[in-house]
1. How many of the residues making up the stretch 190-199 are within 13 Å of Ala222 (Cβ to Cβ) and within 16 Å of the chain's Cα centre (by Cα)?
2. Can you report the number of residues in the stretch 59-106 which are closer than 17 Å to Pro182 by Cα and touching a Leu at 6+ places or on another chain (Cβ under 7 Å)?
3. Would you pick out the residues in the stretch 112-145 that are out of contact with any strand residue (DSSP E or B) (no Cβ under 6 Å at 6 or more places or on another chain) and basic (Lys, Arg)?
4. Could you tell me whether Ala85 is surrounded by fewer than 23 Cβ atoms within 10 Å (Cβ to Cβ) and either of a type in the set (Val, Ile, Thr) or on the phi < 0 side of the Ramachandran plot (or both)?
5. Give the residues of the stretch 225-249 that are of a type in the set (D, E, K, R) and more than 17 Å from Glu75 (Cβ to Cβ), sorted by residue number.
6. Scan the stretch 151-167 and tell me whether some residue there is surrounded by 19 or more Cβ atoms within 10 Å (Cβ to Cβ) and acidic (Asp, Glu).
7. Which residues, counting only those in the stretch 88-98, are hydroxyl-bearing (Ser, Thr, Tyr) and either at positive phi or not in a loop (DSSP other than H, G, I, E, B) (or both)?
8. Spot the failing condition for Tyr93; the list is (1) hydroxyl-bearing (Ser, Thr, Tyr); (2) in contact with a strand residue (DSSP E or B) (Cβ under 9 Å, 6 or more places away or on another chain); (3) within 27 Å of Tyr220 (Cα to Cα), and only one is missed.
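The values are calculated or read from the model by the stated rules, or taken from the named source; none is laboratory data. Keep in mind that what you see is a predicted model, and the values were worked out from it rather than measured. A quick note on method: Cβ atoms are made from the backbone with ideal geometry, for glycine too, and the neighbour counts reach across all protein chains shown.
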Amino acid sequence: MALALATAAGPGQGDERAMRKSLILPGEVFAVAGRTAFLFTPATDAEAPAEPKPWILYAPTLAAYPDAAERWMHEQFTKAGVAVAGIDTGESYGSPAGVAAAEALHAELVRRGYSKQPALLGRSRGGLWASAWAIAHPELTAGLGGIYPVYDWRTYPGLEKAAPAYGLPPADLAARAADLCPIERIAVAAKAGVPVCIIHGDDDKVVPLEPNSLRLEQTYEAAGKGDLVNLIVAKGQGHNFWEGFFRCQELVDFLIARAKAGR
């Protein structure tokens with residue numbers, strides 16, 4: 001496992017700080033808006049193509065993610081000439097603050113010559129990050145992918161844990177679910193025509209299929225956009241490290257195709 005190192009100063013900081021993150025593939029670690037960001041860089045990036053370079057916005061970018069279980073998947077992306085990037089927003093659970101940090105990363109990637117329309121990949125609670133972006137910026141979303149993703153923070157991590165990320169007491173967050181919970185607003189992405197590909201187990205006790213991925217599919221269908229969703233149900237699988245989640249060729253092909261279409 002390679003260790004990438006970058007030094008940068010965060011906003012309002014007079015001193016430089018070293019930002020360390022272990023990467024599962026060759027790439028770069030750097031600071032954006034005072035937060036740690038990463039980029040898996042395909043060899044083709046050095047060729048400086050005339051058109052914007054395709055990329056995938058990944059979540060959740062935390063100290064441990066992306067992890068070794070995802071190595072094969074990210075290798076397929078970079079071999080296909082698609083970069084992968086993410087920014088560590090802590091346990092932001094799709095909050096406006098997390099979206100703002102992703103906006104800063106997006107601006108930095110566009111400055112570097114990457115596409116304005118990345119594809120999105122959210123694993124587990126990263127689904128909250130990814131769907132929140134797709135809702136806030138459907139015009140900047142080439143596609144939405146997920147590995148047993150969370151779209152409803154009432155199912156995971158629950159109101160008590162999600163509320164601090166939104167700066168609200170749990171009762172107030174519950175009262176504002178229609179405005180702040182991604183699954184309640186995913187129709188915005190549906191009506192904008194954002195295509196989706198998800199793999200989710202039907203025995204997932206941590207992130208239940210029905211109120212998350214299945215409800216997203218149902219919302220798309222209600223909006224007349226059901227043909228834009230490919231929900232792959234992994235029979236008998238829960239919230240685990242089953243290899244099929246991370247070697248799902250349909251999901252990989254979808255994300256590569258959508259990232260390239262975003263150019």
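1. 0
2. Total satisfying the criteria: 3.
3. Scanning the stretch 112-145 gives Arg112, Lys116, Arg125.
4. Judged against the criteria, Ala85 is not a match.
5. Selection gives Lys225, Asp227, Lys235.
6. The answer is yes; a qualifying residue exists.
7. Correct list: Tyr93 only.
8. Unmet for Tyr93, out of (1) hydroxyl-bearing (Ser, Thr, Tyr); (2) in contact with a strand residue (DSSP E or B) (Cβ under 9 Å, 6 or more places away or on another chain); (3) within 27 Å of Tyr220 (Cα to Cα): (2).
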